[in-house]
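The next block holds one structure in the form of structure tokens; read it before the comments.
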Amino acid sequence: MEHLNALRQITLALDRVTLAGFSISGLATYIQIPELDVCFDMGEAPLSSLPINHIFLTHAHGDHARCLPRHWHLRRMIGIARPAAYFLPEAIRAGFEGLVQAEARFEGVPDEAVTVPDFYGLVPGADSVALPYRKDLRVRAFPVTHSVPSLGYTILSRKRKLKAEYAGVPGPEIAKLRASGVEVQYEIDEPAVTFIGDCIGASLVEQAHIWDSPIVIIEATFLEPGEEALAAKKQHTHLSEIARTLEELGDRVATKHIVLKHFSMRYSRDEVMALTASGIPERFRDRIRVLL
Ligand SMILES: [Zn+2]
Ligand SMILES: [Zn+2]
């Protein structure tokens, strides 16, 4: 049962970033990526999450959202002056503000002293937004289907690349051009990581752009053959839908690390490992990482 302890963090080292967190359906989900200064969802707020400045909430369910106020309070309590940026669906922003205000009043804070975190309400499909404390990173929100309004997030990394017309030009000459004021580079935003909280399997096809990300973190709540109808009823993804999506998209899947998370409590750790190993098409099996 140790795999159900939400404060025992799983760490996955994926090339240049580290995922550290926990995700079991109904208990809690939070995934920290310190190198990008981001944390996705906040079903728990361990001390390790406090220095992280950008928090992304996918949806309002308690196992994904309930510790956001705790993160905000604890940061102030330990003296972190800089306010964290809390990104969430615009559809739930006012509701969350009300929740924070109600909690403050419940704790006896006088009305005039009640404040709320710095919420950034995101609208699905809108332009990407800069992360306030990381000028090299932006976020793009996209809609996914769950039982309540829910967003997926792609973190984009701004890169500078040499313009095609200067390809093959020797370095010293490029340096000379730059010195004379010629703009030899252009900027491009490349996906670094994509995170989805909870969604139905169809969202993985409708939002096929997610498979351009080198790292995709998705839910696989139900794993066992025969549980497909249950997954659909609860508006969660079944492993077979991930398998089918990968089969169908084939070479279009550029993702190097497909991280599965948010398993139902009904499975033991060994069952999760065995079912995820057998349920994914062989050609994609070495790209699967299990956050457990
Ligand atoms: Zn959930
Ligand atoms: Zn949910």
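The values are calculated or read from the model by the stated rules, or taken from the named source; none is laboratory data. Model, not experiment: these values are computed from the prediction. FYI the Cβ positions are ideal-geometry reconstructions off the backbone, even for glycines, and counts take in every protein chain you see. With ligands, DNA and RNA removed, areas are computed over all heavy atoms of the protein, side chains included. Shrake-Rupley method; radii C 1.70, N 1.55, O 1.52, S 1.80 Å.
Observations
- In the structure shown, the pairs LYS159/LYS234; LYS233/LYS261; LYS234/LYS261; LYS135/LYS161; LYS135/LYS234; LYS135/LYS163 are assessed against 28 Å; a Cα-Cα span above that value is assigned to LYS159/LYS234; LYS135/LYS234.
- TYR166 contributes an accessible area of around 40 Å² to the protein surface, as traced by a 1.4 Å probe with all chains present.
- About its Cα centre, the dipole of the chain is roughly 740 debye, where the only charges are +1 on Lys and Arg Cβ and -1 on Asp and Glu Cβ.
- Förster radius 51 Å - calculated FRET efficiency between SER180 and VAL116, Cβ distance, rounded to 0.05: 0.50
- Cα gyration tensor shape of segment 135-292, rounded if a/c is under 1.5, else prolate or oblate by comparing a/b with b/c: prolate
- Computed magnitude of the charge dipole of segment 1-94 (debye, nearest 20; Cβ of K, R +1, Cβ of D, E -1): 360
- Dipole orientation for segment 114-178: of the candidates ALA126, ALA175, LEU162, ALA175 has the Cα lying most toward the positive pole (charges on Cβ; Lys, Arg +1; Asp, Glu -1).
- Cα pair distances of segment 35-188 binned at 10 Å [whole percent]: 10, 32, 27, 14, 11, 6, 1
- Spin-label pair PHE106/GLU173, simplified geometry with 7 Å Cα→Cβ offset, distance in nm: 6.9
- Just so you know, the Cα atoms of segment 174-238 work out to an Rg and Dmax of 20.8, 67 Å.
- Cα-based convex hull volume of segment 120-180 per residue, rounded to whole Å³: 138
- Rolling a 1.4 Å probe over the protein chains gives ARG252 an accessible area of about 150 Å².
- Relative contact order (percent, whole number), the chain, Cα cutoff 8 Å, 6+ residue spacing: 14
- Solvent-free Debye calculation, one equal scatterer per alpha-carbon of segment 80-133: log10 I(q)/I(0) at 0.14, 0.15, 0.17, 0.18 Å⁻¹ equals -0.47, -0.53, -0.64, -0.70.
- Accessible surface for the chain, divided over its residues, is 46 Å² per residue with a 1.4 Å probe.
- Gain in span if fully extended, ARG244 to LEU230, counting 0.36 nm per residue against the direct Cα distance: 3.3 nm
- Here's the picture: a label point sits 7 Å out from the Cα of VAL129 along the beta-carbon direction, and within segment 63-86 the residues with their amide nitrogen under 15 Å of it are 84-86.
- Solvent-accessible surface (1.4 angstrom probe) belonging to ILE200, in square angstrom, nearest 10: 40
- Computed magnitude of the charge dipole of segment 152-292 (debye, nearest 20; Cβ of K, R +1, Cβ of D, E -1): 540
- If the segment from LYS256 to ASN5 were pulled out straight at 0.36 nm per residue, it would be longer than the present Cα-Cα gap by 87.5 nm.
- Rounded, prolate or oblate (a/c below 1.5 giving rounded, otherwise prolate when a/b exceeds b/c) for the chain by Cα gyration tensor: oblate
- Cβ-based charge dipole, the chain, positive-most Cα from ILE80, ALA91, PRO225: ILE80
- Gyration tensor (alpha-carbon) shape descriptor, segment 45-121, a/c threshold 1.5: oblate
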